[in-house]
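Peer 1: Sharing a structure here in structure tokens format.
None of the figures in this text is laboratory data; all of them are computed from the coordinates on show. Remember, predicted model here, so these are calculated numbers, not experimental data. With ideal geometry, Cβ positions are generated from the backbone for all residues, glycine too; neighbour counts draw on all protein chains shown.
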Amino acid sequence: MKQSVDLLIKNAAQVLTMAGFSHRPKRGSELEDLAIISGGAVAALEGKIIAVGKTADIESSTQLLPHARVFDAWGKVVMPCFVDPHTHLVFAGSRQAEFELRLKGATYMEIMQAGGGILSTVKATLQASRGGLEEMGRRRLDMFMKQGVGTVEIKSGYALNTEGEIRLLEVIRHLSQTHALDIVPTFMGAHAFPPEYKDRQDDFVRLVIEEMLPRVAEEKLAEFCDVFCEEGVFNIEQSESILESAKKYGLLPKLHADEIVSFGGAELAARVGAVSADHLLKVSLQGMEEMAEAGVIAVLLPGTAFFLMEPFAPAREMIDRGVAVALSTDRNPGSSPTESMQLIITLACLKMKLTPAEALSAATINAAHALRRAGAVGSLEAGKQADILIMDAPDYRYIPYHYGVNLVESVYKRGVKVV
Ligand code: NIG
Ligand code: FE
């Protein structure tokens with residue numbers, strides 16, 4: 001019997017299925033194999049993928065419903081929507097003045113320690129209305145969608161007090177209820193120390209653990225908990241106690257690790273069993289090995305190294321040691337103001353020496369694993385969400401090659417054309 005479908009995308013130059021890795025992330029040479037079907041087709045019904053294969057096979061095994069939509073992807077690449085596993089996109093204000101200061105030689109940390117940086121965004125965010133924050137968040141999500149992203153993680157962290165952090169997570173929840181994109185919420189109350197806690201940092205850690213975490217858990221506002229573990233911000237001990245407490249409340253740990261200095265962040269991520277450790281520009285050899293052993297995913301953010309003019313994360317060394325790598329924009333107002341996963345993929349190739357195939361695996365199926373969403377998104381396989389991207393590219397290598405422009409031709413989110 002032929003299966004009924006309401007969406008058929010056919011005749012693609014290449015369908016990058018990324019198949020076979022819904023159960024665990026790709027490592028080592030697995031990143032190179034995109035499970036490509038040339039002359040391929042994808043068929044879906046009610047937002048779920050029914051079949052993926054050669055166009056002739058799919059056409060003979062499926063039956064178009066009367067209202068079905070058919071798209072001819074001749075000469076184009078069809079692939080799963082990008083997944084962005086690390087953003088801070090709900091905030092007010094912007095930091096172009098700080099960008100100029102950095103160009104004149106000030107560092108990111110100097111600006112932060114002088115009360116700017118994250119704290120200037122905190123000030124603007126606390127002053128903004130809920131509706132204003134939602135509107136700004138919505139516009140950034142629209143931008144992500146136009147750039148081919150189907151699933152986005154969003155962290156709180158620009159309030160740094162209990163009511164404010166809860167409000168940000170409520171804004172994130174409202175966005176996830178009203179926007180076409182899938183949103184994964186992360187609590188990051190430990191993003192910086194508010195000025196009033198400058199000389200009593202452990203009191204703030206206690207506030208996060210004793211007041212914020214129980215509220216976040218009780219109101220089911222987040223799935224993950226993240227900490228900015230860095231010299232001059234949250235130290236190893238503070239980060240560990242926050243993440244251990246988060247686990248008791250059922251939140252899965254993530255970590256901003258070894259971004260500015262080598263600090264033992266990767267080792268901590270392995271010790272607490274974090275789902276991912278992110279940034280890792282200064283990760284140690286020991287840290288890489290422990291991450292590989294513990295199965296911690298490295299979420300690499302080359303846009304941040306680029307924008308902060310820092311050396312890039314040692315991605316090749318991590319891949320060689322069996323660490324699963326994913327890619328993300330790190331969308332935030334200070335260290336990476338971009339919604340373009342396409343630019344991130346180009347940077348990953350040019351600056352971290354990933355091959356185009358490795359970068360595309362890292363931006364889809366492995367990124368989905370970093371959010372524990374690989375059962376639903378990140379590849380084109382029967383049973384998964386029909387989150388499908390059609391790229392104006394004749395070959396997957398063209399995606400990082402023709403850089404700095406938007407190659408997205410159309411985006412289907414749960415089978416519905418949204419771009
Ligand atoms: O991932 N490192 C800490 N947090 C963000 C930056 C946030 C900001 O500068 O506003 C990051 O780079
Ligand atoms: Fe970040």
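Peer 1: Hey, in the GNM for the chain with a 10 angstrom Cα cutoff, which one of K384, K48, K198 fluctuates hardest?
Peer 2: Residue with maximal mean-square fluctuation among K384, K48, K198: K198.
Peer 1: Still on this structure: In Å and on Cα atoms, what radius of gyration and Dmax does the chain show?
Peer 2: Expressed in Å, the Cα Rg and Dmax of the chain come to 21.0, 71.
Peer 1: Find how many whole Å separate the alpha carbon centroid of region 101-129 from the alpha carbon centroid of region 50-72.
Peer 2: 52
Peer 1: What is the gain in length, in nm to one decimal, between D392 and D202 on full extension, counting 0.36 nm per residue of separation less the C-alpha to C-alpha distance?
Peer 2: Taking D392 through D202 to full extension adds about 63.2 nm, to one decimal.
Peer 1: Another question, if that's okay. Assuming R0 = 25 Å, can you tell me the calculated FRET efficiency for the pair Y401 and L285, based on Cβ-Cβ distance, to the nearest 0.05?
Peer 2: Once rounded, the FRET efficiency stands at 0.20.
Peer 1: Can I ask one more? For region 245-343, just the Cα set please: Rg and Dmax, both in angstrom.
Peer 2: 13.1, 38
Peer 1: With a Cα-only, solvent-free Debye model of region 77-188, what are the log10 I(q)/I(0) values at q = 0.22 Å⁻¹?
Peer 2: One equal scatterer on each Cα of region 77-188 leads to -1.16.
Peer 1: Could you put F82, F234 in order, starting from the residue whose Cβ has the fewest other Cβ atoms within 10 Å? Could you put the intermediate results ahead of the total?
Peer 2: On the way: F82 31, F234 26.
Ordered by Cβ neighbours within 10 Å, fewest first: F234, F82.
Peer 1: Among G148, G47, G378, which one shows the highest mean-square fluctuation when the chain is modelled as a Gaussian network with alpha-carbon springs under 10 Å?
Peer 2: The residue that fluctuates most here is G47.
Peer 1: Given springs between every Cα pair under 10 Å in a Gaussian network model of the chain, which of V52, V149, V299 has the largest fluctuation?
Peer 2: V52
Peer 1: Given 37 °C and 0.692 mPa s, compute D for region 37-141 with the Stokes-Einstein relation, Rh being the Kirkwood radius over Cα pairs; round to the nearest whole µm²/s.
Peer 2: Rounded to a whole number, D works out at 177 µm²/s.
Peer 1: Could you work out how far the C-alpha centroid of region 378-419 sits from that of region 347-370, in angstrom?
Peer 2: 15
Peer 1: Same structure, new question: Which peptide among 400-406, 213-219 comes first, and what is the full order, when sorted by highest mean count of other Cβ atoms within 10 Å?
Peer 2: Descending mean neighbour count gives 213-219, 400-406.
Peer 1: With runs of 4+ DSSP H residues as the only contributors, calculate the mean residue ellipticity of the chain at 222 nm using -39,500 (n - 2.57) per run, divided by the residue total and rounded to the nearest 500.
Peer 2: After summing the helix terms and dividing by residue count, I get -10000 deg cm²/dmol.
Peer 1: Still on this structure, I have one more. Cut-off is 10 Å between beta-carbons; in what order do V419, V411 appear when sorted fewest neighbours first?
Peer 2: Starting with the residue having the fewest Cβ neighbours, the order is V419, V411.
Peer 1: Follow-up question, since we're still on this one. Please give the length that would be gained between E100 and K353 if that part of the chain were fully extended, namely 0.36 nm times their separation in residues minus their C-alpha to C-alpha distance (nm, one decimal).
Peer 2: Stretched fully, the E100-K353 segment lengthens by 88.2 nm.
Peer 1: Test of understanding: what is the full-extension gain from Y249 to H23, defined as 0.36 nm times their sequence separation minus their Cα-Cα distance?
Peer 2: 78.9 nm
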